[in-house]
Structures are given as C-alpha cells and as structure tokens.
Amino acid sequence: MSGAPTDRVCELLAQSLVAWRVAGTIERASDGVLLIGGNAKDIRIERAPHAMFRWTVTVDGRKRGAISLVAVLRQVREALDPGYAAVRVRIAAAALVPS
C-alpha cells in the first residue's frame, strides 16, 4: 500500500472521524500501514496478505479481515465510538409475493 491510494484512504479515515465526531489521530508509517489512535485504542490498517480479504484491521492486537473500505470504516468506528450501534443488513433472494 503506497502512494496516492494510501493517501486517499488516509484522508477518507480522517474525514470519517470528523463526521463521526470522534477524536483520533491518523498517521502513515513508512511501510504504508495506517495507524489510528483514539479512545485508548490502537488501530492498524494494512493490505491483507491473502486474496480473501483486501485489508487487515488490527485493534489492540486483535486482527480481523475486511473485504472492503466500508468494512474497514465499520471496524474503525466500532473501535473508536463506544456509542455506535452497528446495524448489519442481510439481503436474500426471495419472491416478491409469497406463493
């Protein structure tokens, strides 16, 4: 993870913290890893080493995979915002009208 994509992700995270009204700091390490600190949490975001997940989010030593930036944002907010209630939506194929 290097260059412009990392800069954009870093800016997205910074603007997300502002929108969520959550205090935190974001910095980019020399190896391209993003480090977030806030609410007594240490968060590390990096590209995942395997194809199943695009990102790895580590919160206080606990690693979790994330398949998208949306999943990264959800994990970061869950870690930094104690009042955040995650709502997960499940979509299933079903008939519009029961038969």
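Every number here is computed from the coordinates shown, using simple stated rules; none is lab data. Just so it is clear, the model here is predicted, and its values are computed rather than measured. Ideal geometry is used to build each Cβ from the backbone, glycine not excepted, and the neighbour counts take in all protein chains shown.
Taking the structure as given and computing Rg and Dmax of the Cα atoms in Å, which label from (i) 26.5, 75; (ii) 15.7, 59; (iii) 13.1, 38 fits? Read-out from the structure maps to (ii). Here the sum of -39500 (n - 2.57) over DSSP H runs of 4 or more residues, divided by the residues of the chain, equals -9500 deg cm²/dmol at 222 nm, to the nearest 500. Between the helical axis of 69-80 and the dominant principal axis of the chain, each derived from Cα atoms, what acute angle in degrees is found, rounded to the nearest 10? Approximately 70 degrees, to the nearest 10. Any chance you could give the angle, 0 to 90 degrees and rounded to 10, that helix 4-20 forms with the longest Cα principal axis of the chain? Approximately 70 degrees, to the nearest 10.
Farthest toward the positive end of the dipole of the chain, out of L17, L73, A92, is the Cα of A92, where the dipole comes from beta carbon charges about the Cα centre.
Other residues with beta-carbon under 14 Å from the beta-carbon of I43 carry, at +1 per Lys or Arg and -1 per Asp or Glu, a net charge of +2.
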